[in-house]
Amino acid sequence: MTDAVETTPRQNNILRFIKSNIRQYALLLSLLVIMVYFNFATNGVLFMPLNLTNLVLQNSYIVIMALGMLLIIVAGHIDLSVGSVSGFVGALAAVMIVSNKIDPLLTSIVCLAVGGAIGAAQGFFIAYYRIPAFIVTLAGMLVFKGLALTILGGASVGPFPKEFQLLSSGFIPGLYPSEFNVLSMVLGTVVTALILYFNVSERKAQLAHGLAEEPSAIFVGRNLLITAGFMAFSYILASYKGLPNVLIVMFALIALYSFVTTSTTIGRRIYAMGGNEKAAKLSGIKTERLTFLAFVNMGVLAALAGLIFAARLNTATPKAGLGFELDVIAACFIGGAATTGGVGTVVGAVIGAFMMGVMNNGMSILGIGIDLQQVIKGVVLLLAVFLDVYYKNKG
Amino acid sequence: MRPILEMKGITKTFPGVNALDRVNLTVMPAEIHAVVGENGAGKSTLMKVLSGVYPHGSYTGDIVFEGETRTYRAISDSEKDGIIIIHQELALVPLLSIAENIFLGHETAKNGVIDWFEAFRKTQDLLKRVGLNEHPNTLITNIGTGKQQLVEIAKALNKQVKLLILDEPTASLNEKDSETLLNLLKDFKSKGIASILISHKLNEISKVADRITVLRDGTTVDTLDCHAETVSEDRIIKAMVGRELKDRYPKRERNIGETIFAVKDWSVYHPIHADRQMIKHVSMNVRAGEVVGIAGLMGAGRTELAMSLFGRSYGQKITGDVFVHGKKVDTSTVEMAMKAGLAYATEDRKTFGLVLIDDIKHNVTLANLEGVSNNAVVDDMRELRVANGYRSELGIRSPSVFQLTGNLSGGNQQKVVLSKWLFAGPDVLILDEPTRGIDVGAKYEIYGIINRLADQGKAVIVISSEMPELLGITDRIYVMNDGRFVAEMPVAEASQESIMRAIMKSWEN
């Protein structure tokens, strides 16, 4: 009897916390469930070193664009042009490097600048002339799709020189000439340790101010899960060729955008603007400039994604980037961003992108046709947003 | 003669507020019945009860219309009986034509197919009856407010109106349009249609009304018969404001310094209708430690004045100068206005004041994020200390500063808005209706905060529609009407009667 009396309130506490934060945990759990399911369904192929490496390479450009799209959606807008812009930039890179023999590094810098300029052009109409982003970027989608075709002359251009390909097919070097990439494992361990360090120090600060809402059991469990996940991930990749260069770029960007959205004044202002633009404006926030900058940022990231994609295919095709915008936008909404703006997290968008990626990859391994894949992805998107709205109304 | 409408003992409560308390209203057939009262006296609430916006069951008391007790559950129910209400904000679709608007929801259709010829013919008839000479195909957006008002009335006529309710119909009309409208009411009266006229313009009321019901603080204080006695405007005003001032305002030691805020010859035009001047050559000054009130009725231009001063957030073609500490300052964007030391706490907290989906902490620091950050990186703990500081200083009642502002009561939301502006560290605070929709206890706390601000040597401008409040907390009052300052009085010489008189007098000029 006494035991029951003592444990019940504690269990209730944990249950209540999970209940009130179900939206955040549901996302992570769904990703886990999907990964475990596909791993079994594919007889372990999903987590094989080669496949996991491919999974990262295949999704890197979606994740990178999702970072920019998240800011746009949080600001209360949308960008339909990112697929076309990335395709256009890939084509531009091919024409510069392959046809005109311009230095790959210089080309990359020019391409990123062109991406920024495209974002600026679209952002200008959206921010300062208040033309709905849906219209401006729909126009941009058509324009840049057409321009990509034009500069490629309707044909594929390639292959790229070795050093450009390294952008997406390169791996960080191992320390010793062995099968197992030690440096990758070390890096993975360091990153894991850093994440743990930040989590623990934040927890300490919360405890010091009496703010820790999360029960200790969940905190410990969550961090164990993160550690196990990251270490396993590093180990699997290290036992193949090591960490891909793209993964490093992607992680750096995820860390940067997480930081910007949660800890900087500009991030805070974007959320405030998306939450209530009028109130933000009357609080002295330059909402026009902020919107403009969000689109410039999106343009640069779309350009980066375009470069990575072109390097991965080792050729620029007129069809590159087709439909990317849909995956990117879906990733943000699956990750909990609100269509009305003001809500959404970088981590959520990244998880959303990987959810789409794992499903794409898993279903392809299982031999499910592209037609059925689209149906399933569509249903998952609707389901994710429905659950989000459902729990929001209930909570 | 049997009355067409009797409202008996109507009581309507909102959480914490008794909006209507046993109100009685009797309207005779073919009569123009005026309902007057201060802002917040309960006029609009009463009309919403009558028209079914507040459904039967959400209030107590009886509505008897044409001898039968009615239980309206929606506007459509009252419209069926011929009770038509025309709101202050017109309910017309701007980009549809006059004919389309008149028949919106009542289309002349057979099996879902609209007979436009029939609609046009009927529209022409209706427009003739209200004396409006426009083609039925004209878009609403292309005609002036006065004519739009007439279209609304034509729409009401189309619904076989027996009792027409007009809520402040002439508030945004010029002299001539008002005249037309009032004559139309008289015309309806001769045809047996009764009207209820809600208005602040007492001169118009004494021109057309047969009887006047005066509301104050949600109760009926008087019903005056204009044919049995001569009803002077003073008589009405006295009935409107006759409440005693109780000890509802905290005392303050007045310690007034030099002028720190001045406005010279400020003029503003309407943001869309460029020829409508909303603010007409306003000049004012406020001294350190002084609380200055701006009194006026709804639509007088007070909010427009404040928002145009604060970063030109309202209007266009703005001219005039602003001085802070004797120096001319540029307030052409919100950021510059804030830099010059201004702050404006809006009357509409939910739309303009708060990010409702975000918590107290983030809202408090929104206008001064630099104050809690190093090199554009927000210091969470410093922000938390700031938010907690204001929470205890202003008495924001919530479990923690992590509470979403959307879940707070009106009084607590207002305190969050005030915290935000206090943290921005202004010299001049413009508070627009700081106690609107707040219960009495929270009002007292807000007054206390205003007093403290004055004690700190800030210049405080309070815009309020509640005259007792202005008389209770300010040092000096500007009276505003129709975009102008029509009077200025030290609070010692001001009274509700004198403010009302100044407003009424300005209408006559």
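We did not get these values from a lab; they are worked out from the coordinates using the rules stated. Computed from a prediction, not measured in an experiment: that's the story for all the values here. We place every Cβ from the backbone using ideal geometry, glycine too, and count neighbours over all the protein chains shown.
Tabulated data for the structure shown
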{"item": "Lysines with Cα under 27 Å of B:Lys159, excluding same-chain neighbours fewer than 8 positions away", "result": "B:Lys8, B:Lys43, B:Lys48, B:Lys80, B:Lys110, B:Lys122, B:Lys128, B:Lys147, B:Lys176, B:Lys186, B:Lys189, B:Lys191"}
{"item": "Förster radius 56 Å - calculated FRET efficiency between B:Asp265 and B:His227 (Cβ-Cβ, nearest 0.05)", "result": "0.75"}
{"item": "Net +/- balance of residues flanking B:Gly389 in space, Cβ distance below 12 Å, scoring K and R +1, D and E -1", "result": "+2"}
{"item": "Average partner coverage of B:368-376, which counts Cβ from other chains inside 10 Å", "result": "3"}
{"item": "For region A:22-44 and region A:302-361, distance of Cα centres in Å", "result": "19 Å"}
{"item": "Loop trypsin sites (Lys or Arg not before Pro), region B:339-433 (other Cβ atoms within 10 Å of the site Cβ: 15 or fewer; DSSP)", "result": "B:Arg397"}
{"item": "Sequence of A:Cys111, B:Cys226 once ranked by neighbouring C-beta atoms within 10 Å, starting from the fewest", "result": "B:Cys226, A:Cys111"}
{"item": "Region A:142-214: GluC sites (Glu not before Pro) falling in loop per DSSP and having at most 15 other Cβ within 10 Å", "result": "A:Glu179, A:Glu213"}
{"item": "Integer Hz, Karplus 6.51/-1.76/1.60 couplings in order for region B:362-374, x for Gly and Pro", "result": "5, 5, 5, 8, 4, 8, 8, 5, 4, x, 10, 9, 10"}
{"item": "Whole-angstrom gap from region A:115-140 to region A:179-219, using each part's C-alpha centre", "result": "40 Å"}
{"item": "Environment charge at A:Thr287 (Cβ cut-off 14 Å; Lys +1, Arg +1, Asp -1, Glu -1)", "result": "+4"}
{"item": "Proxy reagent accessibility, fewest Cβ within 10 Å first, across B:Ile450, A:Ile195", "result": "A:Ile195, B:Ile450"}
{"item": "Cα-only Debye scattering, region A:240-287: base-10 log of I(q)/I(0) at q = 0.18 Å⁻¹", "result": "-0.62"}
{"item": "Chain B, helix-only ellipticity at 222 nm - DSSP H runs n ≥ 4, -39,500 (n - 2.57), divided by all residues, nearest 500", "result": "-9500 deg cm²/dmol"}
{"item": "Spatial separation of Cα centroids for region B:159-208 and region B:254-304, in angstrom", "result": "31 Å"}
{"item": "DSSP-loop chymotrypsin sites (Phe, Trp or Tyr not before Pro) across region A:85-194, with at most 12 other Cβ within 10 angstrom", "result": "A:Tyr129"}
{"item": "At 1.002 mPa s and 20 °C, Stokes D of chain B from Kirkwood alpha-carbon radius, µm² per second", "result": "86 µm²/s"}
{"item": "Value of relative contact order over region A:267-352, rounded to a whole percent, pairs C-alpha under 8 Å and six or more apart", "result": "30 percent"}
{"item": "Net charge of neighbours whose Cβ lies under 13 Å from the Cβ of B:Ile279, counting Lys and Arg as +1 and Asp and Glu as -1", "result": "+4"}
{"item": "Convex hull volume of region B:5-241 per residue (C-alpha atoms, cubic angstrom)", "result": "133 Å³"}
{"item": "Per-selection Kirkwood Rh - the protein assembly as shown (Cα, Å, 1 d.p.)", "result": "32.1 Å"}
{"item": "Under-5 Å amide H pairs with B:Asp222, H placed in peptide plane, nonlocal only", "result": "B:Val214"}
{"item": "Rel. contact order, % - alpha carbon contacts under 8 angstrom, at least six apart, chain B", "result": "14 percent"}
{"item": "Sorted by Cβ density within 10 Å, fewest first, the residues A:Thr42, B:Thr365", "result": "A:Thr42, B:Thr365"}
{"item": "Among beta bridges that DSSP assigns inside region B:5-241, antiparallel share in %, nearest 5", "result": "60 percent"}
{"item": "Along principal axes, Cα extents of region B:104-143, largest first, whole Å", "result": "32, 21, 15"}
{"item": "Gain upon complete extension [A:Phe40, A:Arg130; 0.36 nm per residue less C-alpha separation]", "result": "27.4 nm"}
{"item": "Kirkwood-based shape ratio for region A:184-264, expressed as Rg/Rh from alpha carbons", "result": "1.04"}
